[in-house]
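Student: The structure under discussion is supplied below as C-alpha cells; questions concerning it will follow.
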Amino acid sequence: MKYLVSIILFTTLLFSSDLGWSSDYEKALIQAKKENKFVYVLITSDSCRWCRKFEQTTLLDMDIEDRLEEEYITLHLSRDQHKIPGKFKTSPVPRHYFLDQKGDILYDTLGYRDVEMFNSFMDNAKERYISKNRK
C-alpha cells in the first residue's frame, strides 16, 4: 500500500511541475518541431528506487527544471505502463535519451545522475547536435 501511495504521489508531483511531462512519443516530436526544442526521454519502471531518487532530487532542482523547460520537450515513459518505441532500450532503468526534433538520438545514458552530471549530459547532447548539423 505504501508503495502504491508513493507512486501516485510522485506521479502527481512530476506531472504537476512546469515541465509538462508527456507520455506520447509522437506528440512530443511534433511539439519539439513546433517549438524548435530537443526531446528528453526518461524511461523508468514502477519499482525502481534509483528512478524515484533521480525524480525526487535531480529533476526537482530549479536549475534543471528551468533548463529542461527552456530547451526540451519532456517525455516520461514507464516500461510498466507505456508503449515504448523499439529503438529505446528499457533495461536497466532509469534510462535517459536526448533526441533532436526528428527523433534521432543525440546522447543516451542510464542510471541515477546528480545535477552536475545531468547538466553535462544536456551539454553533450547539444554539442552532438551542433556537430551533426555542421556537416
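Readers should treat all values here as calculations from the given coordinates under stated rules, not as data from a laboratory. These numbers come from a predicted model, not from an experiment.
Student: Quick one: compute the contact order of the chain, relative version, from alpha carbon pairs under 8 angstrom and 6+ residues apart, as a percent. Provide the component values of the computation, followed by the final result.
Tutor: Details: 190 pairs, mean separation 38.4, N = 135.
Relative contact order here is 28 percent.
Student: Students often get this wrong, so check it: of LYS53/LYS126; LYS102/LYS132; LYS37/LYS83; LYS102/LYS126; LYS33/LYS102, which have C-alpha atoms separated by over 18 Å? Let's see the in-between values first.
Tutor: Working: LYS53/LYS126 25 Å; LYS102/LYS132 13 Å; LYS37/LYS83 23 Å; LYS102/LYS126 14 Å; LYS33/LYS102 8 Å.
Those over the limit are LYS53/LYS126; LYS37/LYS83.
Student: When DSSP assigns beta bridges and you keep just the ones with both residues in the chain, what percent turn out antiparallel, to the nearest 5? All intermediate terms of the calculation are to be shown ahead of the outcome.
Tutor: Numbers: 10 of 18 bridges.
Given both bridge residues lie in the chain, the antiparallel proportion sits at roughly 55 percent.
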